[in-house]
Amino acid sequence: MPVDELDARILRLLMEQPRTSVREYARLLGVARGTLQARLDRLERDGVITGTGPTLSPAALGHPVLAFVHIEVTQGHLDDVGDALAAVPEIVEAFSITGGGDLLTRVVARDNAHLEDVIQKLISMPGVVRTRTEVALRERVAQRLLPLVESIGRATGA
């Protein structure tokens, strides 16, 4: 079921006021608590809402260096390398990609020397042919979904 205007309003509230109660969300939206809860349950079941935990800052956790590491993998070893990446705590995301390389990882580190250690760990994994690293200098647009949600809400409400 696609996201409609009420769903978009619910999602906006969840993102703007994540610690508010379901009862308060219902009051703010002018809908019954049961209606709101049913919508939330459906959004979770449909995979629109994928988590409810806090967003953490790697920098505040002592890992201010952010890098994107492209990994080229020996043919037939993508799953093995993907499984091995999951064992490296500094890898916070990994994606299979098209283009240059087979995997793209987002890596955090304490400093540049620590980043080098992580990269060396990646290079030594069976099935890894080579890596290419790009260090992020400054975040220009923080991860965000609210503009997308608002766009969907406008499109369905028109």
Determine whether segment 129-139 contains at least one residue that is in contact (Cβ under 8 Å) with a residue 60 or more places away in the chain, part of a loop (DSSP other than H, G, I, E, B), of a type outside the set (D, E, K, R) and surrounded by 11 or more Cβ atoms within 10 Å (Cβ to Cβ).
yes
Tabulated pairs, segment 103-119, first without any contact (Cβ under 8 Å) to a residue 12 or more places away in the chain, second not in a helix (DSSP H, G or I), C-beta under 6 angstrom, 6+ apart or interchain:
none
Look through segment 95-111, keep the residues that are of a type in the set (Ser, Thr, Tyr) and part of a strand (DSSP E or B), and return whichever of them is farthest from the chain's Cα centre (by Cα).
Ser96
Consider Ala142 against the criteria (1) modelled with pLDDT of 95 or more; (2) open to solvent by 40 Å² or more (accessible area, probe 1.4 Å); (3) among the aliphatic types (A, V, I, L, M); (4) within 16 Å of the chain's Cα centre (by Cα): it satisfies all of them except one. Which criterion is unmet?
(1)
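Picking from Val3, Val22, Val65, which residue would you name as being open to solvent by less than 60 Å² (accessible area, probe 1.4 Å) and either polar (S, T, N, Q) or under 20 Å from Thr156 (Cβ atoms) (or both)?
Details: Val22 fails: either polar (S, T, N, Q) or under 20 Å from Thr156 (Cβ atoms) (or both); Val65 fails: either polar (S, T, N, Q) or under 20 Å from Thr156 (Cβ atoms) (or both).
Residue meeting the stated conditions: Val3.
Which of the following residues is in contact with a strand residue (DSSP E or B) (Cβ under 6 Å, 6 or more places away or on another chain) and modelled with pLDDT under 95: Gly47, Gly101?
Working: Gly47 fails: in contact with a strand residue (DSSP E or B) (Cβ under 6 Å, 6 or more places away or on another chain).
Exactly one residue qualifies, and that residue is Gly101.
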Please enumerate the residues belonging to segment 49-94 that are within 15 Å of the chain's Cα centre (by Cα) and of a type in the set (S, T, N, Q).
Thr50, Thr52, Thr55, Ser57
State which residue is nearest to Asp79 (Cα to Cα) when the search covers only segment 116-128 and only residues that are open to solvent by less than 100 Å² (accessible area, probe 1.4 Å) and in a loop (DSSP other than H, G, I, E, B).
Gly127
For segment 25-62 the number of residues that are in a loop (DSSP other than H, G, I, E, B) and surrounded by 14 or more Cβ atoms within 10 Å (Cβ to Cβ) is 4
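The values are calculated or read from the model by the stated rules, or taken from the named source; none is laboratory data. None of the values given here were measured: they were computed from a predicted structure. No Cβ is skipped: glycine too gets one built from the backbone with ideal geometry, and neighbour counts run over all protein chains shown. Protein only, heavy atoms only, side chains kept; ligands, DNA and RNA dropped before computing areas. Shrake-Rupley method; radii C 1.70, N 1.55, O 1.52, S 1.80 Å.
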